[in-house]
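Peer 1: Below is one structure. I have some questions about it.
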């Protein structure tokens with residue numbers, strides 16, 4: 001993640017993103033690099049549970065993701081896919097599956113944003129538009145995670161978004177969140193993503209962005225989304241005779257009055273794609289959706305093999321994550337066996353210091369979208385995702401904090417602040433193995449002024465520290481695995 005985020009590339013209309021940004025997965029809907037940006041950020045606030053005192057690396061990554069998101073390439077679909085799709089009658093057969101059967105051959109597929117289509121007309125601003133909810137919804141979520149990870153309330157800081165024909169539009173996080181909330185309140189059916197489609201998927205992600213905003217700023221902007229859930233249960237989901245969820249709408253087009261649902265067990269995918277976003281907001285609905293999907297797909301039935309009915313490994317990764325969240329051991333073991341055998345997990349890079357799932361595709365770079373959701377399992381404990389939104393730990397910003405780490409040469413594996421006994425523990429490792437033994441230093445600040453400092457490194461008393469500023473000390477060490485114990489009685 002660090003390599004991708006901090007390697008400079010040009011996302012303007014005169015450039016092109018580095019090819020490792022995923023604009024290849026899940027065509028035609030999600031084959032845009034913006035989805036890699038949004039999903040790559042998910043694991044970072046989850047990782048705070050392991051290193052609550054060290055956050056600067058995560059903040060830097062999130063800054064780089066947000067910087068790219070508001071560029072030409074971040075909104076390339078809204079800014080270039082104008083009006084009806086001229087190739088509407090020439091889609092490959094496999095793409096037609098995601099269109100209502102009676103509209104095939106004359107209906108723009110998901111992924112064609114159709115800026116300019118009535119009833120909205122051409123709208124140059126990708127944020128302040130009637131459609132394009134998925135753009136601002138995920139940007140709002142990304143900025144919320146950045147606020148949480150950094151502890152820096154930048155919701156009133158202006159930023160510019162690149163729109164149609166490179167026009168620039170100024171927004172703040174605060175204005176955008178309010179705009180989303182007001183739009184959802186005005187449209188109980190839901191807001192449009194591509195004109196003129198309402199997606200439970202995009203609505204749920206937008207609600208989650210409002211939820212973290214509310215958690216951090218003590219507002220109530222997410223209330224219209226909670227109301228929408230009740231609407232969605234009635235209009236975008238159906239129950240069987242036993243009261244279980246039997247089908248979920250993939251999307252609804254109010255202009256065509258058409259609900260897109262997949263036939264038979266494939267409909268389980270419409271439920272799976274909602275889980276990351278619904279479960280932290282409505283846990284019981286998340287459980288019901290999961291059980292419906294697993295039942296329809298047969299993935300929870302130990303008597304039959306796990307079969308992926310769609311060429312979309314990310315759906316299996318979501319089910320794997322949810323199985324772990326719920327302690328569904330049988331399904332976890334079945335799906336984990338598939339991911340281990342088919343997703344090609346392996347180390348790569350210098351001294352095998354990088355890790356990714358390669359999917360057996362033999363490409364030069366691993367796919368970003370599938371890795372984003374798999375890392376939510378690999379890099380955090382069960383429940384961490386929900387705790388980001390429901391138990392935001394803002395106390396960490398008042399505690400001693402580790403800064404100025406020479407990452408990615410040296411890494412921070414774990415930190416723990418024992419505020420009762422006034423002890424900070426820091427576990428380091430050689431993130432770049434070839435630099436092991438090289439001298440380095442790090443800073444601990446947010447300490448009580450003029451406090452006594454006792455330092456141990458690897459269980460040995462050490463005097464390799466110095467006061468670097470008021471309430472801050474610098475610690476000298478070498479790049480390697482170390483256990484640092486700093487006491488400030």
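Peer 1: What do you get for Rg/Rh of the stretch 1-53 when both radii come from the Cα atoms and Rh is the Kirkwood radius? Don't jump to the answer; show the numbers that get you there.
Peer 2: Working: Rg = 13.5 Å, Rh = 12.7 Å.
That ratio is 1.06, to two decimals.
Peer 1: Same structure, new question: Which residues in the stretch 37-62 place their backbone N less than 19 Å from a point set 7 Å from the Cα of residue 154 along the Cα-to-Cβ direction?
Peer 2: 37-48, 54-62
Peer 1: Among 43-55, 468-480, how do they line up by average Cβ neighbours within 10 Å per residue, starting with the highest?
Peer 2: The peptides rank, most packed first, as 43-55, 468-480.
Peer 1: Turning to a different aspect of this structure: For the residue pair residue 467 and residue 56, what label-to-label distance in nm results when each label sits 7 Å from Cα along the Cα-to-beta-carbon direction?
Peer 2: Between residue 467 and residue 56, the simple spin-label model gives 2.1 nm.
Peer 1: Place a point 7 Å from the Cα of residue 416 along the Cα-to-Cβ direction; which residues of the stretch 447-489 have their backbone N under 12 Å from it?
Peer 2: The answer is 484-485, whose backbone nitrogens lie closer than 12 Å to the label point.
Peer 1: With angles folded into 0 to 90 degrees, how steeply does helix 200-217 sit against the dominant principal axis of the chain? Use alpha carbons for both and round to 10.
Peer 2: Once rounded, the angle reads 30 degrees.
Peer 1: How many nm separate the modelled label positions at residue 449 and residue 434, each set 7 Å beyond the Cα in the direction of the Cβ?
Peer 2: 4.6
Peer 1: If you don't mind, another one. Below 8 Å between Cα atoms, with a sequence gap of 6+, how large is the relative contact order for the chain in percent? Provide the component values of the computation, followed by the final result.
Peer 2: Values: 894 pairs, mean separation 66.4, N = 489.
Worked out over the chain, it gives 14 percent.
Peer 1: What is the distance in Å between the Cα centres of the stretch 1-60 and the stretch 114-166?
Peer 2: Measuring centre to centre over Cα atoms gives 17 Å.
Peer 1: Take residue 130, project a point 7 Å from its Cα along the Cβ direction, then tell me which residues of the stretch 147-187 have their backbone nitrogen under 13 Å from it.
Peer 2: Output list for this probe position: 187.
Peer 1: Right, another one. Helix-only estimate, please: 222 nm mean residue ellipticity of the chain, summing -39500 (n - 2.57) across DSSP H runs of length 4 or more and dividing by its residues, to the nearest 500. Walk me through the intermediate numbers first.
Peer 2: Details: 16 runs with 170 residues, N = 489.
The helix contribution divided over the chain gives -10500 deg cm²/dmol.
Peer 1: Test of understanding: what is the full-extension gain from residue 409 to residue 217, defined as 0.36 nm times their sequence separation minus their Cα-Cα distance?
Peer 2: Numbers: separation 192, 0.36 × 192 = 69.12 nm, distance 3.53 nm.
Result: 65.6 nm gained on full extension.
Peer 1: With angles folded into 0 to 90 degrees, how steeply does helix 173-186 sit against the dominant principal axis of the chain? Use alpha carbons for both and round to 10.
Peer 2: The angle comes out near 30 degrees.
Peer 1: Using a Förster distance of 51 Å, how high is the FRET efficiency between residue 234 and residue 353, based on the Cβ-Cβ distance and rounded to 0.05? Don't jump to the answer; show the numbers that get you there.
Peer 2: Working: r = 51 Å, r/R0 = 1.00.
With R0 = 51 Å, the Cβ-Cβ based efficiency is 0.50.
Peer 1: Of 246, 125, how do they rank once you tally other Cβ atoms within 10 Å and put the fewest first? All intermediate terms of the calculation are to be shown ahead of the outcome.
Peer 2: Values: 246 15, 125 18.
Arranged by neighbour count, lowest to highest, 246, 125 become 246, 125.
Peer 1: May I pose another question? Which of the peptides 200-212, 26-38, 435-447 is most tightly packed, and how do the rest follow, going by the mean number of other Cβ atoms within 10 Å of each residue?
Peer 2: Values: 200-212: 26.0, 26-38: 22.5, 435-447: 16.7.
Packing proxy ranking, top to bottom: 200-212, 26-38, 435-447.
Peer 1: Continuing with the same structure: Please give the helix 329-342 orientation as an angle from the longest Cα principal axis of the chain, in degrees from 0 to 90, rounded to the nearest 10.
Peer 2: 90
Peer 1: Kindly state, to the nearest 0.05, the FRET efficiency for residue 398 paired with residue 80, given R0 = 35 Å and r defined as their beta-carbon distance.
Peer 2: Details: r = 46 Å, r/R0 = 1.31.
So, using R0 = 35 Å, E works out to roughly 0.15.
Peer 1: Taking the DSSP beta bridges in the chain as the whole, what percent of them are antiparallel, to the nearest 5?
Peer 2: On the way: 49 of 51 bridges.
Given both bridge residues lie in the chain, the antiparallel proportion sits at roughly 95 percent.
Peer 1: Can you tell me the length gained on complete extension of the stretch residue 178 to residue 391, counting 0.36 nm per residue apart and subtracting the Cα distance? All intermediate terms of the calculation are to be shown ahead of the outcome.
Peer 2: Details: separation 213, 0.36 × 213 = 76.68 nm, distance 2.25 nm.
Contour length minus Cα-Cα distance gives 74.4 nm.
Peer 1: Hey, of (1) 24.4; (2) 26.0; (3) 22.5, which did the structure itself give for mean projected area of the Cα convex hull in nm² when calculated?
Peer 2: Checking each listed value against the structure points to (1).
Peer 1: While we're on this one: How far apart, in nm, are the 7 Å Cα→Cβ label points at residue 87 and residue 487?
Peer 2: My value for the distance between the label points is 6.8 nm.
Since every read-out is calculated from the coordinates, none of them should be taken as a lab result. Just so it is clear, the model here is predicted, and its values are computed rather than measured. As a convention, Cβ positions derive from the backbone with ideal geometry for all residues, glycine included, and neighbour counts pool all protein chains shown.
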